[in-house]
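Accompanying notes for the structure given below.
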Amino acid sequence: MIQKYVFGDPIRTEAVVSRIGEGDSLRYFAVEETEDGRLIFSRALSDHDVLYGLGETVRGINKRGWIYVSDCTDETSHTEEKRSLYGAHNFLIVDGADRFGVFVDAAQKVTFDCGYTDPGRLTVTVEEGGCVLYLIENSGLREIVREFRAAIGRSYIPPKWGFGYGQSRWGYVKEEDIREVVRRHRDRGVGLDSVYLDIDYMERFKDFTVDGDRFPDFADFVREMKEEHIHLVPIIDAGVKIEKGYPVYEEGVENGYFCKNEDGTDYVAGVWPGRVHFPDVLNPPARKWFGRWYRVLLEQGIEGFWNDMNEPAMFYSGKHLREAEEELRGLNLDDMDVWGFFHLKDIVMGIANRPEDYASFYHRIDGRMVRHDRVHNIYGTGMTRAAAEAFEELSPDRRILLFSRASSVGMHRYGGVWMGDNQSWWSHILLNLQMLPALNMCGFLYTGADLGGFGSNATEDLLLRWLELGIFTPLMRNHAALGTRRQEFFQFGREEDFRSMIGLRYALLPYLYSEFMKAALTNDMMFLPLSFVYPEDPFAPKVEDQLMVGESMMIAPIYRQNASGRYVYLPERMKMYRLRSRDSMDEEVLEAGHHYVDAALNEVLIFIRPDHIVPMAAEGGVFAEQVDSENLRLLHFAEKRAVYDLYDDDGVSRDVTLEGHLRRIVVER
Ligand code: GLC
């Protein structure tokens, strides 16, 4: 059962799409309204309560013991003390003596104090402006998620090629850089479906332009790549460069489609291209206008995009930069003591992404001017919605790949998310794993992290271990920042191992695509904490580094440097496969309980449940379309009779249903 409770006069986020009845009196939480208009919902937590959810956040699967702030932020360092990342995913499940889900539908900042201030209390604070609270009660954890997901609408479905391997790097600047990457994969028989174009493909970082010197005939280049079965995926940033004669800028100004200052002039911020305006994607006509600009690239053969800097990130605001300059001038540079130095640092460090700046510009919503901080968390959603709605018109028959950095619940209908600027750290493999089920709970099924890590320098072993998790994530992309060590597989020695590992992704594609589609079409999760599948198992909620992937298997990746094995908990008897490649593996049946299992650097472990099947493509394939889901090899643990319904489709049609797309596979002993 799902019921809603309205507090104040909240902005409509459009996160929930079905009609939900209003409850009488709020259960589970005490509610208080402060004098300054904030809402505080709180309840006691017992020692046994476990908290799941909150999507893309730092720390574990059980969110207890930290404070998380939904306040979409361009955060470049995902360390434990951070409270906000790029998403605002306000859905949480409390599992204990009471079991329920709560969704805080609000466009402004929301703080979830999950036993940080007081270990025995959960306190949710909603900044001024009101909210709609949804409470969901159902028989189990997974059922609560399904009911919530039914209310927020079907998750985005990408084209099948979006499940292939992608190579990306901030720093591929010209055609030849990309040809070289493709050649190196193809020559060595390493799978690849896409190469991503970061900001350098544009002319002076202007959205919807292509630099003519670096890409003299872009449409032709896109065609050349397609002949190699490679999709180019350009980045689009939120800020529109202020430049006379640039049509996106000119049209936006002329029609009043940019965010405004209080006095009605266009708001100025600084991002990659220098001074920019932000398209007012929360205003329907402006959203429609911005979305239609994607046409320029679609017409040149592009079929996928990643939307970035849409928190929106600001290096500086036009107004504050001048103030900061004044303040800097006021410093005594001839004799600077420690306090002066700290002050200098504060001035400089405080220029980007300032809360005061977010509270100083406006959107036009339903005929009213609404201050940005009141709707901050739905801006990235607005941008991605702009693109997705345009694609429905511009590409009515074919799916377009689309994922975003900033997001809120509701955006899951329009696109996926990548997990932003992580680092080449071992701990970030685990963080990648822990975010997966939490994002799935909020509807984000198409997701993945920058494999190998975005910031910092990757090593061969780190990349290989990370790929051993990445081969399971729907978005499987190796991406890195400008200035970091190059981390394409061919930069390292173990060529055979990389080929085999990426080959395993293509081998597992029939199963992974099937599980993704079933999850999307039934509002289910693809990655689940063990406790969602084994609710009676008292140890399952304590497992923070293993996941169920779809209905047949569990994974337990290695995420520690120099480890040649790990502890694994089995909630039931399972068959472990130690996979080295599609053709080289060994298997062993393990009893329920705790085990230490070895896994060399080139080995990935999967655990199959009793009477379950993981179908694998029997033959090789170096791009998704080449994977033959008819000719299968079955990894299974059939004790009596194992059944699997394999979903498959043409990989591009938008209108899909389970019906007519399932094929039953049976293994009998
Ligand atoms: C942001 C993105 C990153 C991208 C970079 C340059 O940091 O998160 O993925 O490479 O901008 O566009």
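The values are calculated or read from the model by the stated rules, or taken from the named source; none is laboratory data. Since the model is a prediction, treat every value here as computed from it, not as a measurement. A quick note on method: Cβ atoms are made from the backbone with ideal geometry, for glycine too, and the neighbour counts reach across all protein chains shown.
Points to keep in mind about this one:
- Test: residue in region 551-567 that is surrounded by 20 or more Cβ atoms within 10 Å (Cβ to Cβ), hydroxyl-bearing (Ser, Thr, Tyr) and either touching an Asp or Glu at 6+ places or on another chain (Cβ under 6 Å) or closer than 21 Å to residue 603 by Cα (or both): yes
- Checking residue 454 against (1) within 15 Å of the ligand (Cβ to nearest atom); (2) in contact (Cβ under 8 Å) with a residue 40 or more places away in the chain, the condition it does not meet: (2)
- Residue among 633, 582 that alone is touching a helix residue (DSSP H, G or I) at 6+ places or on another chain (Cβ under 9 Å), surrounded by 19 or more Cβ atoms within 10 Å (Cβ to Cβ), closer than 30 Å to residue 656 by Cα and not polar (S, T, N, Q): 582
- Selection over region 396-410 of residues that are aliphatic (A, V, I, L, M) and more than 16 Å from the ligand (Cβ to nearest atom) gives a count of 2.
- Restricting region 84-103 to residues that are modelled with pLDDT of 95 or more and among the aliphatic types (A, V, I, L, M), the residue that is surrounded by the fewest Cβ atoms within 10 Å (Cβ to Cβ): 93
- Taken over region 373-412, the criterion of being part of a strand (DSSP E or B) and either free of Cβ contacts under 8 Å to residues at least 12 places away in the same chain or under 12 Å from the mean Cα position of the chain (by Cα) (or both) is satisfied by 402, 403, 404, 407, 408.
- Complete set of residues in region 576-597 that are over 31 Å from the mean Cα position of the chain (by Cα) and in a strand (DSSP E or B): 585, 586, 587, 588, 589, 590, 593, 594, 595, 596
- One residue from 75, 81 being of a type outside the set (Ser, Thr, Tyr) and either free of Cβ contacts under 8 Å to residues at least 60 places away in the same chain or closer than 24 Å to residue 539 by Cβ (or both): 81
- Residue 345 being among the basic types (Lys, Arg), surrounded by 15 or more Cβ atoms within 10 Å (Cβ to Cβ) and away from the ligand (no atom under 16 Å from the Cβ): no
- Within region 422-434, restricting attention to residues that are crowded, with 22+ Cβ neighbours inside 10 Å and outside any helix (DSSP H, G or I), the residue that is nearest to the ligand (Cβ to nearest atom) is 422.
- Members of region 619-653 that are part of a loop (DSSP other than H, G, I, E, B), within 19 Å of residue 577 (Cα to Cα) and modelled with pLDDT of 95 or more: 637, 638
- Among the residues making up region 260-311, a single one is assigned to a strand (DSSP E or B), within 16 Å of the ligand (Cβ to nearest atom) and among the acidic types (Asp, Glu): 308.
Quick grid of which residues meet (1) surrounded by fewer than 18 Cβ atoms within 10 Å (Cβ to Cβ); (2) within 16 Å of the ligand (Cβ to nearest atom); (3) on the phi < 0 side of the Ramachandran plot; (4) part of a loop (DSSP other than H, G, I, E, B):
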position: 205; (1), (2), (3), (4): no, yes, no, yes
position: 216; (1), (2), (3), (4): yes, no, yes, yes
position: 226; (1), (2), (3), (4): yes, no, yes, no
position: 234; (1), (2), (3), (4): no, yes, yes, no
position: 245; (1), (2), (3), (4): yes, no, no, yes
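- Residue check for residue 532: at pLDDT 95 or above, closer than 20 Å to residue 93 by Cα and surrounded by 22 or more Cβ atoms within 10 Å (Cβ to Cβ): yes
- The residues in region 476-526 that are among the polar types (S, T, N, Q), surrounded by 23 or more Cβ atoms within 10 Å (Cβ to Cβ) and in a helix (DSSP H, G or I) can be counted, and the count is 1.
- Selection within region 457-475: residues that are under 21 Å from residue 511 (Cβ atoms) and in a loop (DSSP other than H, G, I, E, B). The member of this set that is nearest to the ligand (Cβ to nearest atom) is 475.
- Number of positions in region 122-155 that are assigned to a loop (DSSP other than H, G, I, E, B) and touching a helix residue (DSSP H, G or I) at 6+ places or on another chain (Cβ under 6 Å): 4
- Among the residues examined, residue 351 qualifies as more than 25 Å from residue 257 (Cβ to Cβ) and touching a Ser or Thr at 6+ places or on another chain (Cβ under 9 Å).
- Restricting region 54-81 to residues that are of a type in the set (D, E, K, R) and within 16 Å of the chain's Cα centre (by Cα), the residue that is surrounded by the most Cβ atoms within 10 Å (Cβ to Cβ) is 56.
- Each residue in region 55-114 was checked for being out of contact with any helix residue (DSSP H, G or I) (no Cβ under 7 Å at 6 or more places or on another chain), under 18 Å from residue 377 (Cβ atoms), within 16 Å of the ligand (Cβ to nearest atom) and not in a strand (DSSP E or B), and 7 of them qualify.
- If you go through region 640-662 and keep only what is surrounded by 13 or more Cβ atoms within 10 Å (Cβ to Cβ) and over 30 Å from the mean Cα position of the chain (by Cα), you end up with 642, 643.
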